[in-house]
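So the structure is just underneath, and the comments pick up after that.
Rule-based calculations on the coordinates, nothing more; no lab input. All values reported here derive from a predicted model rather than from experimental measurement. Backbone-built Cβ (ideal geometry, glycine too); neighbour counts: all protein chains shown.
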Amino acid sequence: MKNVHFIVNPIAGKGDSTINEVLLSQYFEAKHFDLCLKISNYPGHATELTKASLHEGAHIIVACGGDGTINEVASCLVGTDIPLGIIPFGSGNGLASNLDIPKNLCEALVLLRNAHMTKIDVGRMNGRFFFSNTGVGFDASVIKNYESSNRRTLSGYLAACITSLKQLTKPQEIEIKANGRKWKTNPFLVFVSNTNVMGYHLSLTPQASLQDGLLDVLVVTKVNRVKMLVLGVLLLMNRPHLLKEARHFQTTTLALSSLPGTHFDSQIDGEFHVVEDNTIFIGIEKKALTVIVPEQL
Ligand SMILES: Nc1ncnc2c1ncn2[C@@H]1O[C@H](COP(=O)(O)OP(=O)(O)OP(=O)(O)O)[C@@H](O)[C@H]1O
């Protein structure tokens, strides 16, 4: 008998998920599977529910939501043998897109039932895990505006980009250390990714792989508004690295530091996060999470 626990974020995406016990029982026969469906009632609740599921002996834990919900659930599974299942109910669904997990609920349930597994890398930013991406600068500002707009759609995301452009101030100078080198720059954004999609099928790092043990980093130095528009167009074409001011590299560690007394606004897997410090250390844990994926992956 396999215990499969589903943790559902009811507000993810359009907030219209139709998952229920009756539907699940059509895919998971009662003689082989013991199912448990839990609903997240507030931010952070999915983490508490996942920890409880681990104590209750779950064999598989399924995050039903977007990258934020996956982050809350998967952070409890890193380094364990308990596989993460994903039902992509989110808006952007960066990790699910990279893993080719279908958005269609029935197809995603068939995939879970087949339970083909693989291991993926996990990013860590100052002790917090990320599975898709993290970033500072313009990227964090967009997520801050996106969250406050309460419109978790592509048009809401684009509107947040425009608001962030209007609010743009002179970027602070930071020091970046990676691959044994260090340099100072005033970046428009520093984006660090484990996945080749950041959400909505858009990508700042189309060459990234979930299984190469490397972080893909895109640093865009100070740019004027025209260049920002060019970056926006290149982003829509998934070719942001073609911008002259964009520098892409791969690394296993990355350290960012700003002047003493300052702090970083960041985003982790699409959720706004204030780093109460002037240093950020980002690393990668190779193949530290087991995930249920399509057989051909
Ligand atoms: N009942 C709830 N009410 C309000 N917020 C919740 C609730 N349950 C979870 N959350 C929070 O909702 C946030 C957004 O969830 P999630 O990222 O899964 O959806 P999304 O933003 O639509 O998808 P994506 O990140 O893929 O764009 C998460 O930060 C999570 O902490």
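Length gain on complete extension for the stretch Lys177 to Thr163, per 0.36 nm per residue less the alpha carbon to alpha carbon distance?
Result: 2.0 nm gained on full extension.
Can you count the Lys pairs in the stretch 128-287 whose Cα atoms are under 18 Å apart, with each pair 8 or more apart or on different chains?
Close lysine pairs found across the stretch 128-287: 12.
So, with +1 on the Cβ of K and R and -1 on the Cβ of D and E, and no other charges, what is the size of the charge dipole of the chain about its Cα centre, to the nearest 20 debye?
Numbers: 27 positive and 26 negative charges, 210 e Å.
Around 1000 debye, computed over the chain.
Straight-line reach only, C-alpha to C-alpha below 24 angstrom: list the lysines that Lys31 could link to, leaving out same-chain residues fewer than 8 apart.
Leaving aside lysines fewer than 8 places away in the same chain, those within reach of Lys31 are Lys2.
Among all the aspartates and glutamates, which ones have a C-alpha under 17 Å from Lys103's C-alpha, if same-chain residues fewer than 8 places away are not counted?
Asp16, Asp67, Glu295
Can you give the longest stretch of the chain with no exposed loop site, where a site means trypsin sites (Lys or Arg not before Pro) in a DSSP loop (not H, G, I, E or B) with at most 15 other C-beta atoms within 10 Å?
With trypsin sites (Lys or Arg not before Pro) excluded where exposed in loops, the chain gives 32-102 as its longest stretch.
Between Asp212 and Lys103, what is the FRET efficiency for a Förster distance of 25 Å, r being their Cβ-Cβ separation, to the nearest 0.05?
0.45
In a GNM of the chain with a 10 Å cut-off on Cα contacts, which of Pro43, Pro240, Pro88 has the highest mean-square fluctuation?
Pro43
Add -39500 (n - 2.57) for each DSSP H run of 4 or more in the chain, then divide by its residues: what number comes out at 222 nm, to the nearest 500 deg cm²/dmol? Can you show the working numbers first?
Values: 8 runs with 79 residues, N = 297.
So the calculated ellipticity at 222 nm is -8000 deg cm²/dmol.
With θ set to phi - 60°, apply the Karplus curve 6.51 cos²θ - 1.76 cosθ + 1.60 along the stretch 88-100 and write out the HN-Hα couplings as whole Hz, x wherever there is a Gly or Pro.
With coefficients 6.51, -1.76 and 1.60, one gets x, 9, x, 8, x, 6, x, 5, 4, 5, 4, 8, 6 Hz.
Identify which of Leu189, Leu229, Leu215 has the largest mean-square fluctuation in a Gaussian network model of the chain, with springs joining Cα atoms closer than 10 Å.
Leu229
Just to verify a number: FRET efficiency for Asn224 and Arg247, C-beta to C-beta distance, R0 = 30 Å, to 0.05?
0.95
Where a ≥ b ≥ c are the square roots of the eigenvalues of the C-alpha gyration tensor, would you call the stretch 1-65 rounded, which needs a/c under 1.5, or, failing that, prolate if a/b is larger than b/c, or oblate?
Working: a/c = 3.08, a/b = 1.25, b/c = 2.46.
Oblate, since a/c reaches 1.5 and b/c is not below a/b.
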